[in-house]
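For reference, the structure discussed in these notes is given below.
The values are calculated or read from the model by the stated rules, or taken from the named source; none is laboratory data. Source: prediction; values computed, not measured. Heads up, the Cβs are rebuilt from the backbone with ideal geometry, glycines too, and the neighbour counts pull from every protein chain shown.
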Amino acid sequence: MSKRVFMFPGQGSQYIGMAKDFYDAYPESKEVFEKASAAAGFSVEQLCFEENEKLNITEYTQICMLAAEAAIYAAVVKEGITCDVTAGLSLGEYGALIASGAMTMEDAFKVVRKRGMFMQAAVPEGGAMAAILNLDPAVVADVCKEVQEAGPAADANGYTLPYVVSVANYNSPVQIVITGREDAVKKASDICVERGARRAVPLKVSGPFHSALLEGAGKQLGEVLETVTVNDIKVPYLANVNADYVTEAAQVKPLLTAQVSSSVKWQQTLERLLADGADEFVEIGPGSTLTGFVKKLNKDVKTVNIEKLEDLKAYLEA
């Protein structure tokens, strides 16, 4: 018996025009954007569909990206397609919350709007992230620990941030993202290459996401989460923080609070799903990053990316 997973991506693959074809074709998708705009207090449609400079600013990216994912998801559901389990990477975890029934779209948009604002405001000068390619994840984690414990260079002046570097994302066996203070990330990147990494690629991000430097934003988010209701979970979903199934509503808020400053265990999430018999992975939203991560682990399972209306039509006809 087939076991289908709905996957929702994080920020980074957003673009002008995302989900516009669903908006035009499905009243349900249009309604999703209207709900997002009501929660945001501005036109999410305008930011998603018209040329602007704001879409790639975290404060705006997050609610726009979630709106696009939720709009596509609404069309998928309208066509009668359901999942057995769900998960999302970073911001995408809120897409999974919607699909699991744990949070209404209205509440998810409310929380994510604040999440983007808090993370943008908390982004300190001097933070950075880098992708480490083709190096054992345990080695990367060890390097980060060594660098942080050794402390900064004697001439590392001008930084107001604590000297922090850690793993932000366990994405796949060949891609680990590290995060922290700029000089610590650079030093850890250099050591990772010395120890066999194929490359260390600095990421074009506005700050050290999923690091201890964002704990303050997580605490603020926790206060907002207390104002929304978490419902009984109808479809199992896996959390980023521990790559484990969330089965009780009471688990949701603490996990989402911790997620802002914790490592995203995406590879471990996929490995758990594969071990539990998942054999069809449907990525819902812009880009195909998550589909690629699945293929790195298992080329035999079915993978589908629903980003455009034509993707959904092809899936329905298959």
Positions within the range 268-307 being hydroxyl-bearing (Ser, Thr, Tyr) and either under 17 Å from the mean Cα position of the chain (by Cα) or under 12 Å from residue 87 (Cα atoms) (or both), in sequence order: 269, 288, 289, 291
Complete set of residues in the range 123-136 that are surrounded by fewer than 21 Cβ atoms within 10 Å (Cβ to Cβ) and at pLDDT below 95: 123, 124, 125, 126
Contacts under 7 angstrom Cβ, first residue in the range 296-317 being under 26 Å from residue 29 (Cα atoms), partner of a type in the set (Lys, Arg), 6 or more apart: 303/295
Contacts under 6 angstrom Cβ, first residue in the range 180-204 being over 25 Å from residue 155 (Cβ atoms) and assigned by TED's automatic domain parsing to the domain that holds residue 142, partner at pLDDT below 95 and assigned to a helix (DSSP H, G or I), 6 or more apart: none
Pairs where the first residue, in the range 241-258, is under 14 Å from residue 229 (Cβ atoms) and the second is crowded, with 20+ Cβ neighbours inside 10 Å and aromatic (Phe, Trp, Tyr), C-beta under 9 Å, 6+ apart: 256/94
Any hit, the range 296-318, residues being in contact with a helix residue (DSSP H, G or I) (Cβ under 8 Å, 6 or more places away or on another chain), closer than 30 Å to residue 145 by Cβ and surrounded by 16 or more Cβ atoms within 10 Å (Cβ to Cβ): no
Residue that is surrounded by the fewest Cβ atoms within 10 Å (Cβ to Cβ), among those in the range 32-49 that are aromatic (Phe, Trp, Tyr) and in a helix (DSSP H, G or I): 49
Residue satisfying condition, being among the hydrophobic types (A, V, I, L, M, F, W, C) and in contact with a Phe, Trp or Tyr (Cβ under 6 Å, 6 or more places away or on another chain), within set 217, 258: 217
Residue tally, condition under 11 Å from residue 6 (Cα atoms) and not aliphatic (A, V, I, L, M), over the range 70-91: 6
Exclusive hit being at positive phi, in contact with a strand residue (DSSP E or B) (Cβ under 9 Å, 6 or more places away or on another chain), crowded, with 16+ Cβ neighbours inside 10 Å and not aliphatic (A, V, I, L, M), set 90, 100: 90
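Okay, residues lined up against (1) modelled with pLDDT of 95 or more; (2) farther than 20 Å from residue 90 by Cα; (3) in contact with an Asp or Glu (Cβ under 7 Å, 6 or more places away or on another chain); (4) surrounded by 15 or more Cβ atoms within 10 Å (Cβ to Cβ):
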{"residue": "186", "(1), (2), (3), (4)": "yes, yes, no, yes"}
{"residue": "192", "(1), (2), (3), (4)": "yes, yes, no, yes"}
{"residue": "196", "(1), (2), (3), (4)": "yes, yes, no, no"}
{"residue": "204", "(1), (2), (3), (4)": "no, no, no, no"}
{"residue": "207", "(1), (2), (3), (4)": "no, no, no, yes"}
{"residue": "212", "(1), (2), (3), (4)": "no, no, no, yes"}
{"residue": "223", "(1), (2), (3), (4)": "yes, no, no, no"}
{"residue": "226", "(1), (2), (3), (4)": "yes, no, no, no"}
Condition broken by residue 173, with the remaining ones in (1) within 22 Å of residue 122 (Cβ to Cβ); (2) in contact (Cβ under 8 Å) with a residue 60 or more places away in the chain; (3) not assigned by TED's automatic domain parsing to the domain that holds residue 91 satisfied: (1)
Any hit, the range 147-155, residues being out of contact with any Lys or Arg (no Cβ under 6 Å at 6 or more places or on another chain), buried (at least 17 other Cβ atoms within 10 Å of the Cβ) and either touching a residue at least 24 places away in the same chain (Cβ under 8 Å) or on the phi < 0 side of the Ramachandran plot (or both): yes
